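Heads up: the structure comes next, in structure tokens.
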Amino acid sequence: MDYNAYFASELTRLKDEGNYRVFADLERHRGQYPAATWRGDGGERDVTIWCSNDYLGMGQHPVVIEAMHGALDSYGAGAGGTRNISGTTHAHVLLERELAGLHGKEDALLFTSGYVSNWAALGTLASKVPGMVVLSDALNHASMIEGIRHSRAKCVVWKHNDLSDLEAKLQALPVDAPKMIAFESVYSMDGDIAPIREICDLAERYGAMTYLDEVHAVGLYGPRGGGVAEREGLMDRLTVIEGTLGKAFGVVGGYIAASRELCDFVRSFASGFIFTTALPPAVAAGAAASIRHLKTSSAERERQQQVVAEVRARLDAIGIPHLPNPSHIIPVMVGDPVKCKFISDMLLRDYGIYIQPINYPTVPKGTERLRITPSPVHSPEDVNRLIGALSDLWRQCELARRPMAAQ
Ligand SMILES: *Cc1c(COP(=O)(O)O)cnc(C)c1O
């Protein structure tokens, strides 16, 4: 077999379908984020990033940078081993304590990413609890789906955020079967939020565990950045809270927070935890500093919400359609894959604004969008330039506008 010819033909197919991914080569500038340098075919240009998951700009926060420098200088670069074999540094121990405290749980367990935490924790819980049935929200993230699939446990998919469908599916299962409801708080593409309280009610009624992915909420919601479950006073009702250190916390890594026994169980049986090198101690120290900072500082969250509201109001004022939702994510709906890509390309090339287009298969066909994530570090001038550029391009692409809001 000509392997390379096969790879090339599959890639050509992907390109023909419009699903081939092209990365933007960006260089962020500490102290000036969301500004960055983009390197494209035509050379370099200054751009403003409007689609980052570094939602609060913590990736450049002095407290985080200082903690990482300090740890790097004190402990060196890598952890040097798996957690079991010399890779557990004091920075890891402190970070797990910080995370357990953040979510009001007895313990927490670190992974090398949020993806790995979902894959390993769900995979382990679903495969090692005899007869476990997983009830998975239809829009769960790929990492959850892969973890559940890998476990080979029975999986029942319920309609997205649909309590009556979830209840019907719980009811149809044997009363004594172990069950786990797996879902997210903030769904990242539509920015909608799950009815966590009602899901916990159902879980209690039917004797199910709950597994909540708060990846797009930790750092951002709740008085200490504990997520939507903290904001709603529900953390103690969830069996497992999973999060990332790579989005609002601005570093990298993933974790679960749960009871001492559950964390110890996953620690002891999850291949994706056991057989991989621990995160660098500098990463752990930076993440802990970020969490600690956001536990007491609400300024970043408040400013973010203000910028989100401002961008929404300005879009409304010029009739550009965006999906209403109760979160910080603004999906600007284009509804056409070619135009979506075109607008994104023009924004970058002509306006120095970087927003990655989101097309099928990430979202359903016909709902192609620009996913905008305002942050506390976007200035009023950044907002003005974004709105001006979108207005120009909407005209150029002859896209429909909503009736103008009363001026
Ligand atoms: C990004 C994401 C993850 C994975 O987290 P990483 O730390 O980026 O690996 C998990 N769940 C959801 C819902 C996500 O959007």
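When you go through 267, 292 one by one, which is the residue that is more than 15 Å from the ligand (Cβ to nearest atom), charged (D, E, K, R), in contact (Cβ under 8 Å) with a residue 60 or more places away in the chain and within 19 Å of residue 143 (Cα to Cα)? Walk me through it before giving the result.
Details: 292 fails: within 19 Å of residue 143 (Cα to Cα).
After ruling out the rest, the residue left standing is 267.
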Inset, instruction - Working carefully through the options 71, 168, 121, find the one that is away from the ligand (no atom under 16 Å from the Cβ), under 24 Å from residue 196 (Cα atoms) and in a helix (DSSP H, G or I). - result: 168
Inset, instruction - Output the residues belonging to region 337-380 that are outside any loop (DSSP other than H, G, I, E, B) and of a type in the set (D, E, K, R). - result: 339, 341, 345, 349, 350, 369, 371
Legend entry - Residue that is modelled with the lowest pLDDT [pool: residues in region 14-39 that are exposed (fewer than 11 other Cβ atoms within 10 Å of the Cβ) and either over 19 Å from residue 356 (Cβ atoms) or of a type in the set (A, V, I, L, M, F, W, C) (or both)]: 16
Legend entry - Yes/no for residue 199 being in contact with a Leu (Cβ under 6 Å, 6 or more places away or on another chain), part of a helix (DSSP H, G or I), of a type in the set (A, V, I, L, M) and closer than 30 Å to residue 369 by Cα: no
Inset, instruction - Give just the number: which of (1) free of Cβ contacts under 8 Å to residues at least 40 places away in the same chain; (2) more than 13 Å from the ligand (Cβ to nearest atom) does residue 212 not satisfy? - result: (2)
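Okay, residues lined up against (1) touching a helix residue (DSSP H, G or I) at 6+ places or on another chain (Cβ under 8 Å); (2) of a type in the set (A, V, I, L, M, F, W, C):
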{"residue": "274", "(1), (2)": "yes, yes"}
{"residue": "279", "(1), (2)": "yes, yes"}
{"residue": "287", "(1), (2)": "yes, yes"}
{"residue": "290", "(1), (2)": "yes, no"}
{"residue": "306", "(1), (2)": "no, no"}
{"residue": "310", "(1), (2)": "yes, no"}
Inset, instruction - Scan region 174-228 for residues that are under 17 Å from residue 135 (Cβ atoms) and among the polar types (S, T, N, Q) and jot them down. - result: 185, 210
Legend entry - One residue from 153, 142, 177, 138 being over 21 Å from the mean Cα position of the chain (by Cα), surrounded by fewer than 16 Cβ atoms within 10 Å (Cβ to Cβ) and on the phi < 0 side of the Ramachandran plot: 177
Legend entry - Single residue of region 33-50 satisfying the filter (under 23 Å from the mean Cα position of the chain (by Cα) and of a type outside the set (Val, Ile, Thr)) that is nearest to residue 340 (Cα to Cα): 50
Inset, instruction - For residues that are closer than 22 Å to residue 271 by Cα and either within 16 Å of the ligand (Cβ to nearest atom) or not in a helix (DSSP H, G or I) (or both), tally how many sit in region 74-95. - result: 8
Inset, instruction - Identify all residues within region 202-232 that are in a loop (DSSP other than H, G, I, E, B) and either of a type in the set (Phe, Trp, Tyr) or at pLDDT below 95 (or both); write none if there are none. - result: 206, 221
Legend entry - Which listed residue is buried (at least 20 other Cβ atoms within 10 Å of the Cβ), in contact with a Ser or Thr (Cβ under 9 Å, 6 or more places away or on another chain) and in contact (Cβ under 8 Å) with a residue 60 or more places away in the chain, from 125, 102, 95: 125
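Considering only residues that are among the acidic types (Asp, Glu), under 25 Å from residue 331 (Cα atoms) and not in a strand (DSSP E or B), which ones fall in region 132-165?
Across region 132-165, the qualifying residue is only 162.
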Inset, instruction - Taking residue 105 as meeting all but one of (1) farther than 20 Å from residue 246 by Cα; (2) within 16 Å of the ligand (Cβ to nearest atom), write down the number of the exception. - result: (2)
Inset, instruction - Give the residues of region 134-146 that are closer than 23 Å to residue 174 by Cα, touching a helix residue (DSSP H, G or I) at 6+ places or on another chain (Cβ under 7 Å) and within 14 Å of the ligand (Cβ to nearest atom), sorted by residue number. - result: 136
Inset, instruction - Please identify the pairs in which a residue from region 190-203 that is more than 16 Å from residue 230 (Cβ to Cβ) has its Cβ atom under 6 Å from the Cβ atom of a residue that is acidic (Asp, Glu) and outside any loop (DSSP other than H, G, I, E, B), counting only partners at least 6 apart or on another chain. - result: 202/167
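I'm checking my understanding of the structure. Among residues of region 237-250 that are within 18 Å of residue 224 (Cβ to Cβ) and more than 9 Å from the ligand (Cβ to nearest atom), which one is surrounded by the fewest Cβ atoms within 10 Å (Cβ to Cβ)?
Within region 237-250, the subset within 18 Å of residue 224 (Cβ to Cβ) is 237-238, 241-245, 247-250.
Now narrow it down to the ones that are more than 9 Å from the ligand (Cβ to nearest atom): 237-238, 241, 248-250.
Numbers: 237: 17, 238: 26, 241: 29, 248: 31, 249: 29, 250: 26.
So the residue we want is 237.
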Legend entry - Qualifying residues in region 342-385 (those that are more than 19 Å from the chain's Cα centre (by Cα) and small (Gly, Ala, Ser)) - the one nearest to residue 34 (Cα to Cα): 379
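The values are calculated or read from the model by the stated rules, or taken from the named source; none is laboratory data. Here the structure is a predicted model, which means the values were calculated and not measured. Cβ: placed from backbone, ideal geometry, glycine included. Neighbour counts: every protein chain shown.
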